[in-house]
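Colleague: To start, I am sharing the structure in question, which I have written as structure tokens.
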Amino acid sequence: MEPKPSLLRNILVRVFFFCVLIIGIRFAYVVTIRGESCDLGNFCFFSFPDKLNFVTGVPHLVSSAIIVHDAVQSSPSKTKSRDLWATKNWRKAVDYYSSVFQDLITEGYLSPSSKSLCVETPNGEEVLALKEIGVSDSIGIYKKASKPLVISGQAFRQPFNDSTFDFIFSGAGGLDKSAKQAEFAAEVARTLKPEGFLVVHTASKDTYSFNSFIDLFNCCKFIHSRDIEGFDSLIQPIREIVMKKENGIFGYGVSSPRVNSVNKCYVPGYKQQLVRNAEPLITEEPLKPWITLKRNIKNIKYLPSMADISFKRRYVYIDVGARGYGSSIVSWFKKHYPKQNKTFDIYAIEADQVFHEDYRHKKGVTLIPYAAWVRNETLFFEVNQDPGREKEEKEKGRGMGRIKPVQSLAGGNIGGGGGGDVNMIHGFDFADWLKNTILDKDFVVMKMDVEGTEFELIPKLFETGAICLIDEIFLECHYNRWQKCCPGERSSKYQKTYGQCLELFTSLRKTGVLVHQWW
């Protein structure tokens, strides 16, 4: 009878199989789940590359820069990466970036000792180019790693400590394509050392987008820009912008206000030129305004049709007097305004409770259920019919609402029209809300249809400097126009004249505000 296995042997066998199981699970996690190779000694029991350059300031990473000897010694372990490195396009891209970086070395913006980062580089051509010209301490980041040149990370969420790099490069339109350009700029400001250089290649080359870029990266001082050829003849020439981080700024720079100490707007020359290029105002009062002003939409020169609106912190549309969701938000802004593929945050300002339910489940739209006014106070809200439009407004189920302070009710009907339903509502200081909601880095489009209140709101925007925060205005000015129903008779609903409306539009344009006549 054979002796039973010893207790010690049983324990050793079980420990052995347990270790094999742990190694197998870890290997499957690193290679399969994380999608990374096992060439970084990450508990994979594989050998390290021959040369590694360890740097500080990279949390949770073994290395931030990997030396590639003779361009191929530490080639990626995956067959796909090796095949890519052998292609002509890869070599052509590496040579192109080598030439770009050599020029930057000559100009003093880059040196062999610079700790360098290339952002949004899927395959790492820029990183290899840096290493080949002697900038060995270089690494790239992309959402999916491509070892050893590129590690996992994104431009707007960089896996590095503050003030880590001497040189940061964004090529191939990486910033142009980013949906989070403000976060991109904030991370550059955080990880770039004081006196370090940022170099960006962008397809945006007009004056408007250039100034937006400078405002976005206000952590840094503009050094110079130039137009250069792309690495492929099919690629249009691009603009190279060089910025230098200023001393004492360790994070995202503070917004530079467009309002001075006395709340006066400063409108730069390039914005004033856009106003001069806009469609001419209709100087003669139209006999049939309901036709003339509506046709005028075909002549409007939208700001995004005249300039590149890239490099803004966010994009905002404010509809003051929005009525229902299907009114101007859907029928005009969403369908016709040229947004250049930007996603806009929408604010609908509408005091009439009849329309509030329209916005209950609308994503991307914030309803402000109050009346835009010059101060915070209780107002009267009157809904009445416009002469000659009774049938149209009956079909829509609601006339247009007008507001007036409570103390003026004793003086009679609001605006002189009379005959409407009157309710009490809350008015809010629109200019103050605008200055607390919008930053100068935002791109803001506003449509205003407030049934005559524009003659109070627009002057308040100028008085407070809040007008500086608006890039483009579509304004309906209400006056005692000719009635559709009754030839030769003017509407008594409004007291202002067409001449006063024209003065309002003219004053806005003279001060550099891009305003359009709306209906």
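The values are calculated or read from the model by the stated rules, or taken from the named source; none is laboratory data. Note that the coordinates shown come from a computational prediction; the quantities given were computed from them, not determined experimentally. Quick note on the areas: whole protein, heavy atoms, side chains included, nothing else; ligands and nucleic acids left out. Shrake-Rupley method; radii C 1.70, N 1.55, O 1.52, S 1.80 Å.
Colleague: Rg and Dmax of the stretch 257-374, Cα atoms, in Å?
Modeller: Just the Cα atoms of the stretch 257-374 yield Rg and Dmax of 17.0, 44 Å.
Colleague: Could you tell me which of rounded, prolate or oblate describes the stretch 152-252, using a ≥ b ≥ c as the square roots of the eigenvalues of the alpha-carbon gyration tensor, with rounded for a/c under 1.5 and, failing that, prolate when a/b is larger than b/c and oblate otherwise?
Modeller: Since a/c reaches 1.5 and a/b is larger than b/c, the shape of the stretch 152-252 is classed as prolate.
Colleague: Heavy atoms of the protein only, probe of 1.4 Å, neighbouring chains included. What is the accessible area of residue 361 in Å², nearest 10?
Modeller: The accessible area comes out at roughly 150 Å².
Colleague: Report ³J(HN,Hα) in whole Hz for each residue of the stretch 153-161, in order, from the Karplus equation J = 6.51 cos²θ - 1.76 cosθ + 1.60 where θ = phi - 60°; Gly and Pro get x.
Modeller: With the stated coefficients, the stretch 153-161 comes to x, 10, 4, 8, 8, 7, x, 9, 6 Hz.
Colleague: I would also like to ask the following. Using a 1.4 angstrom probe, figure out how much accessible area the stretch 267-378 has per residue, in square angstrom, rounded to the nearest whole.
Modeller: That works out to 51 Å² for each residue.
Colleague: Please work out the average accessible area per residue across the stretch 123-223, using the 1.4 Å probe convention, and give it in Å².
Modeller: 30 Å²
Colleague: Heads up, I need the accessible area for residue 430: 1.4 angstrom probe, whole protein in place, Å², nearest 10.
Modeller: Ignoring ligands and nucleic acids, residue 430 comes out at about 0 Å².
Colleague: Once you've got the Cα coordinates, tell me which of 271/362; 312/447; 193/342; 339/447 are over 23 Å apart.
Modeller: As for pairs spanning more than 23 Å Cα to Cα, those are 271/362; 193/342.
Colleague: Moving to a separate point now. So with the 1.4 Å probe, I'd like the accessible area per residue for the stretch 420-519, rounded to whole Å².
Modeller: Value returned for the stretch 420-519: 37 Å² of accessible area per residue.
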